[in-house]
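**Student:** Pasting a structure here, questions to come.
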Amino acid sequence: MTDGKPEAREARRVESDEARRYNLRALMALKGSSLSPQDDLIELLKTDQPINRLVRDRLIELLLGPEISGGMSLSLRGNKTQRDRTNAYVSRNKWFEIGQWIDGLTSQGALRAHAIEEVASAINISEKKADKSLNYYRAARNWIAKSLETECGAELGAATLRELYIFHDCQGDLAKELNSEILERLPPIGL
């Protein structure tokens, strides 16, 4: 239902014109037709205006590389801190999966020590690392189960809660900042 008041229509038109202007400047920057492409992109990204589908598609092309985008490319450079965070995230995902495997064996009747030994041997890791992975998985599993009992957790689902747990573990303050509204509605993550 649209608001028929002239002021509301005018506000939507001005907002729409502003969005078009920001998106046009960004698209021109992404096509190589701007004297200050970085500034034009930043200007759009700092606004609350919707990003046009053409701008999104062009960003994707540029991130995929010059062979897709017709010679131009846009790259994201990670620094050591970012690489460390990425490695931490990948490691924790592996811990979760290893722990899940061991837990599956113990739930089928295997003794904890035998399950740890079997998995450690199968994937060539130390039994200590396998044991820590099992503990990590069980802590995550317990938090996910508690979270699924909340309305917020039920909406997010187990897979998203797993990602949130791991992200929180390896990103700490950044995860809290980005997910503060969600984390307030879930049980505390006890790492």
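Read-outs: derived from the displayed coordinates by stated rules, not from any lab. Because the structure is a prediction, the values reported are computed rather than measured. For neighbour counting, all protein chains shown are included, and Cβ atoms are generated from backbone atoms with ideal geometry for every residue, glycine included.
**Student:** Quick check on region 90-191: take the gyration tensor over C-alpha atoms, sort the square-rooted eigenvalues as a ≥ b ≥ c, and tell me if it's rounded (a/c under 1.5), prolate or oblate. Kindly include the intermediate steps, with their values, before the conclusion.
**Tutor:** Working: a/c = 3.11, a/b = 1.87, b/c = 1.66.
Because a/c hits 1.5 or more and a/b exceeds b/c, region 90-191 counts as prolate.
**Student:** Further, regarding this structure: Using only alpha carbon pairs under 8 Å that are at least six residues apart, calculate the relative contact order of region 80-183 and give it in whole percent.
**Tutor:** On the way: 78 pairs, mean separation 29.6, N = 104.
Relative contact order for region 80-183 comes out at 28 percent.
**Student:** Let me ask another. Apply 1/(1 + (r/R0)^6) to the Cβ-Cβ distance of Leu54 and Ala158, taking R0 = 45 Å, and write down the FRET efficiency to the nearest 0.05. Let's see the in-between values first.
**Tutor:** Details: r = 36 Å, r/R0 = 0.81.
Result of the calculation: an efficiency of 0.80.
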